Structure formats: C-alpha cells, structure tokens
Amino acid sequence: MDDSAAVANRISTLPDDLLSDVIARLPTKDAAWTTTLSTRWRFLWAATPLCLDDEDLIPHGRGRRNADLSALAAPSSRAVASHPGPVRSARFFCDIMEAPAATATSRAGSAPGSRMAWHPRPGRPRDIGRLLTRSRALDTLALLAGYRLPLRVGLSSRSLRCVVTFKSFPEELSVCLGPDMVAHRVEWMCSTKVKIRYAPRLRAISYLNPAIHKLKIGNTVIKAGMEVGSTAMLPSVTKLAMLLWLGDEWEAKMVATFLKCFPRLETLYIMSAKLFEGDEDDAKFSADFWQELGSVECVRSCIKKLVFEGFRGEPRELMFLGCITESAQMLERVDIIFDLGAPTSMRDVAKDDPFRVLSFELVSGNMRAAFLRGKTVLSYVNASDMTRDDPFDCLVA
C-alpha cells in the first residue's frame, strides 16, 4: 500500500461527524469531488449542509474579474440541484434570479441559520421578493455591489435576522421582518428611502446620513424638528451609526429628531465627514445648533458609549462633542478616533491630556475618554456576523 492510499485509509476510519465537518470546510468544487471516493463519501456529502460559493466554480487560473459570471448560473444551479439540502450558506456572483439558477434560489437559505450573499449583475431584472419567498429559513442576506438594483427593494421575511447592503444603490429599501430581525446598514453612499414597517427586535442600524437618507418608521416619515410619537419609535435599537457633516442647522435638527426615534439607544457611532475645499465657506458652526440634543431622552439618560471617528479638532466637532457629553448623564466611555491626517501636535497633546483638547465639561463623573488612531474598516462579513456584540467595532490601527 503506497503512502497516499495509507493516508486515505486512515481518513476513512474517522467518524462520520468529523468527516462531514471536513467536507463543510472545503471549497464547493472540492467538496463535490469527495463523492467520487466511495459510496460512503457520496452519502457524507449529501448529509452535509451545502456551503456554496460560485467563485469556487470559476475555472482554474481565471480570477473573478476575468470570468464570465453569467456562465456561473448553470453550474451553481446544478450544484444545488444535486444536493438534497439543506443549504447552509450561498454566495452568488452570478445573476441568480435568471432562469438557469432558479433551483439555486429555491434551495439557498433552506437551513435554519443560513446565509446568502448576492452580488447582483448590472442590467438584469431582479426579484428579491421571490428569492426571500423561496428561502424560508434564510438568516442573513447581503446585497453587495448592486449598482443597478430595482428602484424599490422590499424585504419581507419571518426568518431573516440580518440585512446588509454594501455598495448597493436602491432608491428605496423597505423592511418588514420577523421578531428576531437584526439589521445592519453598512453602506451610506446611496440615495435611499429607508422604510421600517415592522421589526420589533431591531437592535442595530448603520450608517444613517441625514443629508441622504429619508427614514420612515411605520406610517410616519421622520422630518426635522417634528414631534416623534410612540408609533414612530424603535425602542429595541441600542446601537446606531451616523455619518454627519456637522456644519448645518437643518442637519442638527434632523439628528435630534432621528435620535428621538431610538429612546433606548446605548451606543452611538459618529463618522465625521471631511470638509473639502470650498465647503468651509458654506459651513456655519454654532453651538446653538446642537442644544436640542440635551433634551433628547436617549442622550440624557441612555447613551453609555460614544465613538467619534474622523476627529480633526475642528470647531464643528468640538461643539457637537461638547453638547453630547455635557448632557449625557449615563455616558461612561468616549472613544475619539483621529483622522489619519490630523496634526501631529494635537495627537501628542491628546495622548497626555485628552480633556485639554476637548475643553468641555462632563456631566457624568464616571466617564472616561480615550483618543485612538486608526480607521474603521467596513466589511459585510463583520456586519453580518451575528456572534459580534458590536457590528460597528471594526477599528484597525
């Protein structure tokens, strides 16, 4: 018996559960090839929840950028059709909504806790509603780089717990989801109307940009300065991330109104947008803009952690931070992440005495402030990882 045969024989002596775990960790094509080893392996592959990544089906030596993605639809569909299920996870670069991959859409997401990542191709019709109807146990849905998604994307599912849109540009995103839903919005560079029709256990939302996003909760469109009733509140949300310009009175009113929608918010992430040449002339900075924040319930009595990214020590940033910290009675921690282009002298002072840089009073005696240097790296993988307590904590030094 040669060495390779001896190794194969030893592997075959392992228990089925362990071999099934090995198959689940293999690339899609390699996992399917194990069925040629023996009748036992064929049954093992069939009994292992399928993890399909159609990038594994690209011919050897050709990267995804050079591959004919439309040609992946048929083998993706065949891979799912030949497996009895369930499908634990699926990632599609091909246009899975086309006829050749109809089987894939009907079976992807068939296992409880399953995940699907979809990279829709430009210029093809989309039917996301049909996909969700067929994926009755789908846990996580990621829409990635969908530059030509439909104008209106409606998501309605009782099983879905996490939705990520990353570099996707629907004009309107509407969600009506089951009691276990957790939504993380990762992409903010899109003109999107966000409608949250029903999501009673929604815990985290990002990145809301008042200048771009129009938020509708239930039947209420959230407008700057309005009184927010109980039907327009999401008390289950504890983590919120926002992208702010911090130089506009209307934006300040919109931020205060947004925060009123989340009365039990505990963690607030702020990403400070960089002012470009010419923006300084249009920006008007006044501490009066942010005075209303002090009367917002979550700011006054709930927020425990504030993360401010992109800090450059500019007056607009100090005014905002001052209004928040001077009003937040429960605030325990402030993490201020320097913009990588911030002056070295300011970073050195902050390292020795952060409060000298901030120069404002703190209403919470238990609060601590820390200055960090780095950048948040947004990743749909991190955002959809349900084991992470904080999906927005992705700082890389």
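Okay, here's what the table says:
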| read-out | value |
| --- | --- |
| Some residue of the range 62-69 being within 20 Å of Asp21 (Cβ to Cβ) and at pLDDT below 85 | no |
| Condition met for Val153 (surrounded by 19 or more Cβ atoms within 10 Å (Cβ to Cβ), at pLDDT below 80 and not in a loop (DSSP other than H, G, I, E, B)) | yes |
| Lone qualifier among Ser82, Ser89 - being loosely packed, with under 14 Cβ neighbours inside 10 Å and either of a type in the set (Gly, Ala, Ser) or modelled with pLDDT of 85 or more (or both) | Ser82 |
| Qualifying residue in the range 211-233 (condition: open to solvent by 20 Å² or more (accessible area, probe 1.4 Å), modelled with pLDDT under 95 and within 20 Å of Asp139 (Cα to Cα)) | no |
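The values are calculated or read from the model by the stated rules, or taken from the named source; none is laboratory data. Nothing here was measured: the structure is a model prediction, and the numbers come from that model. So basically every Cβ, Gly included, is an ideal-geometry build from the backbone, and we count neighbours across all protein chains shown. In case anyone asks, the SASA skips ligands and DNA or RNA and just uses the protein heavy atoms, side chains included. Shrake-Rupley method; radii C 1.70, N 1.55, O 1.52, S 1.80 Å.
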